[in-house]
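The values are calculated or read from the model by the stated rules, or taken from the named source; none is laboratory data. Keep in mind it's a predicted model, so treat the numbers as computed, not measured. In this analysis, Cβ positions are derived from the backbone assuming ideal geometry, glycine residues included, and neighbour counts consider all displayed protein chains.
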Amino acid sequence: MAQKTSGEFEKEFMDGLQSSTGKSLADWVSIVDGFSSKKRNEVIEWLKSVHNFNHMQASMLAGIHANGGKPVYQSTDGLLDAQFGKNEDMRPLYDEFVAFISKNFPNATMLPKKTYVSVLENREFAAVNIKKGELRIGLDLGDRPFDEKVEKAKLTGPMPRISHMVVATNVSRFDGELVELLKQSHGRCHK
């Protein structure tokens, strides 16, 4: 059975608020607005002690309240779509990269985050930024020297250990050399 995502838990919580508490999400946001403290932990404790929420429910409501009454977690499709923004023309190249990863790393998962896409197999071993006219493919290659094909990473979002990047402007960059670099990064991340 697939594990639920944070977004699924949040949606389930929001959809069930009216039936479980008799109050809508908007009502609860107003109630939290009236609480004397805006400190997250104090709001959570207050929701638990005064309104009988469990810890997860209180945490979700406090997060939604702090986010202006809007959901904190978007669907991964929404996160991915947002990254294309003004770079919709990069979607076909990104789709080719996804196919390239699936072929060479069949157990890998592409997980959209807010500012990048994580490539992982238990642990993140690569990351992708979608930029105007290019995909920046980040790798953990340690102290490998930089050269004309493998540059210092200039990505938004991933962990600092993503030290290098390969820039792809077309599918010809998805070659055997990139497979080897991805394998090296994978090996470093899965010691």
Self-check item: Of the criteria (1) of a type in the set (Ser, Thr, Tyr); (2) exposed (fewer than 13 other Cβ atoms within 10 Å of the Cβ); (3) over 18 Å from Leu93 (Cα atoms), which one Ser163 fails
Solution: (2)
Quiz prompt | helices (runs of 4 or more DSSP H) contained in segment 1-72 and holding at least 2 residues at pLDDT below 90 | solution = 6-21, 55-66
Self-check item: Qualifying position, being under 21 Å from Arg91 (Cα atoms), aromatic (Phe, Trp, Tyr) and modelled with pLDDT of 95 or more, among Phe174, Phe146
Solution: Phe174
Quiz item: Do we find a residue being loosely packed, with under 13 Cβ neighbours inside 10 Å, touching a helix residue (DSSP H, G or I) at 6+ places or on another chain (Cβ under 9 Å) and over 21 Å from Asp81 (Cα atoms) anywhere in segment 134-150?
Solution: yes
